[in-house]
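Chemist: Sending over a structure as structure tokens; questions will come in a sec.
The values are calculated or read from the model by the stated rules, or taken from the named source; none is laboratory data. Being a predicted model, the structure only gives us computed values, none of them experimental. Virtual Cβ from ideal backbone geometry, glycine too; neighbours counted across all protein chains shown.
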Amino acid sequence: MRQRFEYAVTWCLIRAMGLPPRSVARRIGAAIGAMAYWSLPRLRKVGLRNLHLAFPEKSLSERQRILRGMYRSLGWQLAEFCRMSRYTLNQASQCIRYEGLENYLAAQQRGRGVLVLTGHLGAWELSSFYHSLAGHPMSMVIRRLDNPFVDALVNRIRCLHGNRVLHKDDFARGLIAAMRAGETVGILMDTNMTPPQGVFVDFFGHAACTGSGMARIALRTGAAVVPGFLLWHPDEQKYVLHFLPALELVSTDNDEADAQANTQIFTRVLEETIRRYPEQWLWVHRRWKTRPAGEAPLYPQREKQ
């Protein structure tokens, strides 16, 4: 009953926020984000702790400003997600444009599959949807939501124009098959992992346990790794879907060293992009939770769930 109730609330929210004009929906989303900032103190503390780790040179007021901006960005993304099922390509193109699409197309033409390196940055839910709407469907590696009814609802919207979902609990086989078929798969590379799935690389000056699967699959299949991020540009009042040139990978006779080196390359690209758009990254995730053996926790014990 609880799961069905959560599904009903989610369905009503999506329907309700999909009805008003986009500008109104985004204002409502921003208001929801502002309420979340003030009403979720535990997440606020995690966000401020992460910002202190990433930007020790910034003042508390600057970090608070960035965190409030993050919640506004999440609210905007909520509004966009609730409207996605109504979008045509012409409508979506009024508020989204490509930059560097030629980089993606060149990687695709190599014929060995494309791995899109991305993260919880900007409007990540809208990015793959818009790409499919423009005629470039892709698969996405996604963690299953705890509520199966909500999971099915969200995935139905994500996949309206040909996208597919690869769940994290069984993504390796699907990922290799997709690369061999020359397909595209997007992977969110900015979440905390645990060994052996993760390796420790530098992220904002701290060791961060990071999934090495993308590096291993890219080296095994010869797939191109293309960074892609849908970011809000306030000067244009538009989202821009950026595709950077395919990354040059390290390839030697040492598979483990190569996985480590290439995961570091991917993480560096993510960090550089986050530094340019700090208000658009998901700071409330405990990114540095897993520590190398012998290192003290970076988060106070009381923040453990």
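Chemist: Report whether or not D235 is surrounded by fewer than 20 Cβ atoms within 10 Å (Cβ to Cβ) and in contact (Cβ under 8 Å) with a residue 40 or more places away in the chain.
Modeler: no
Chemist: Collect the residues in the range 272-299 that are of a type in the set (D, E, K, R) and outside any helix (DSSP H, G or I), keeping them in residue-number order.
Modeler: R286, R287, K289, R291, E295
Chemist: Is there a residue being in contact (Cβ under 8 Å) with a residue 60 or more places away in the chain, closer than 30 Å to G135 by Cα and surrounded by fewer than 21 Cβ atoms within 10 Å (Cβ to Cβ) anywhere in the range 19-39?
Modeler: yes
Chemist: Against the conditions (1) more than 23 Å from L101 (Cβ to Cβ); (2) in a helix (DSSP H, G or I); (3) not small (G, A, S), where does V269 fall short? Just the number, please.
Modeler: Answer for V269: the failing condition is (1).
Chemist: Here is a follow-up. Those residues that are touching a Ser or Thr at 6+ places or on another chain (Cβ under 6 Å), in contact (Cβ under 8 Å) with a residue 60 or more places away in the chain and either part of a strand (DSSP E or B) or acidic (D, E) (or both), I need them from the range 189-222; list them, please.
Modeler: Answer for the range 189-222, where residues must be touching a Ser or Thr at 6+ places or on another chain (Cβ under 6 Å), in contact (Cβ under 8 Å) with a residue 60 or more places away in the chain and either part of a strand (DSSP E or B) or acidic (D, E) (or both): G198, V199, V201, F203, C209.
Chemist: State whether one or more residues within the range 241-259 are in contact (Cβ under 8 Å) with a residue 12 or more places away in the chain, within 30 Å of S23 (Cα to Cα), not in a strand (DSSP E or B) and not charged (D, E, K, R).
Modeler: Within the range 241-259 (the criterion being in contact (Cβ under 8 Å) with a residue 12 or more places away in the chain, within 30 Å of S23 (Cα to Cα), not in a strand (DSSP E or B) and not charged (D, E, K, R)), the answer is yes, since at least one residue qualifies.
Chemist: From the list Y87, Y98, Y71, Y7, which one is within 30 Å of F149 (Cβ to Cβ) and modelled with pLDDT of 95 or more? Step through it out loud before you land on a result.
Modeler: Values: Y87 fails: modelled with pLDDT of 95 or more; Y98 fails: within 30 Å of F149 (Cβ to Cβ); Y7 fails: modelled with pLDDT of 95 or more.
It is Y71.
Chemist: Condition test on L282, is it in contact with a Pro (Cβ under 8 Å, 6 or more places away or on another chain) and not aromatic (F, W, Y)?
Modeler: Values: in contact with a Pro (Cβ under 8 Å, 6 or more places away or on another chain): no; not aromatic (F, W, Y): yes.
No.
Chemist: Follow-up question, since we're still on this one. Surrounded by fewer than 18 Cβ atoms within 10 Å (Cβ to Cβ) and closer than 23 Å to V185 by Cβ: is that true of S212 in this structure?
Modeler: Against the criterion (surrounded by fewer than 18 Cβ atoms within 10 Å (Cβ to Cβ) and closer than 23 Å to V185 by Cβ), S212 does not qualify.
Chemist: For the range 181-188, does any single residue satisfy the condition of being closer than 16 Å to P292 by Cβ and either charged (D, E, K, R) or surrounded by fewer than 20 Cβ atoms within 10 Å (Cβ to Cβ) (or both)?
Modeler: Checking the range 181-188: not a single residue is closer than 16 Å to P292 by Cβ and either charged (D, E, K, R) or surrounded by fewer than 20 Cβ atoms within 10 Å (Cβ to Cβ) (or both).
Chemist: Among (1) of a type in the set (A, V, I, L, M); (2) buried (at least 21 other Cβ atoms within 10 Å of the Cβ); (3) part of a helix (DSSP H, G or I), where does V225 come up short?
Modeler: (3)
Chemist: Residues being in contact (Cβ under 8 Å) with a residue 12 or more places away in the chain, outside any strand (DSSP E or B) and either of a type in the set (A, V, I, L, M) or farther than 18 Å from V114 by Cβ (or both): count how many of those fall in the range 160-178.
Modeler: The total comes to 7.
Chemist: Right, something else. Hey, E80 hits all of (1) surrounded by fewer than 20 Cβ atoms within 10 Å (Cβ to Cβ); (2) closer than 26 Å to Q237 by Cβ but one; which does it fall short on?
Modeler: (1)
Chemist: For the range 88-105, name all the residues that are hydrophobic (A, V, I, L, M, F, W, C) and within 21 Å of G18 (Cα to Cα).
Modeler: L89, A92, C95, I96 - these are the residues of the range 88-105 that are hydrophobic (A, V, I, L, M, F, W, C) and within 21 Å of G18 (Cα to Cα).
Chemist: Still on this structure, please answer the following. Among the residues of the range 50-64, which ones are exposed (fewer than 15 other Cβ atoms within 10 Å of the Cβ) and assigned to a helix (DSSP H, G or I)? Full working, then the answer.
Modeler: Of the range 50-64, the ones exposed (fewer than 15 other Cβ atoms within 10 Å of the Cβ) are 52, 56-57, 59-62.
Matches in the range 50-64: H52, L60, S61, E62.
Chemist: May I ask you to list the residues in the range 120-151 that are assigned to a loop (DSSP other than H, G, I, E, B), touching a residue at least 40 places away in the same chain (Cβ under 8 Å) and under 15 Å from the mean Cα position of the chain (by Cα)?
Modeler: H120, G122, A123, M138
Chemist: Tell me which residues, restricted to the range 94-119, are within 22 Å of A218 (Cα to Cα) and either in contact with a Lys or Arg (Cβ under 6 Å, 6 or more places away or on another chain) or assigned to a loop (DSSP other than H, G, I, E, B) (or both). Even if it seems obvious, please write down each step before you answer.
Modeler: Step one: filter the range 94-119 for residues within 22 Å of A218 (Cα to Cα), giving 100-119.
Scanning the range 94-119 gives G100, R110, G111, R112, G113, G119.
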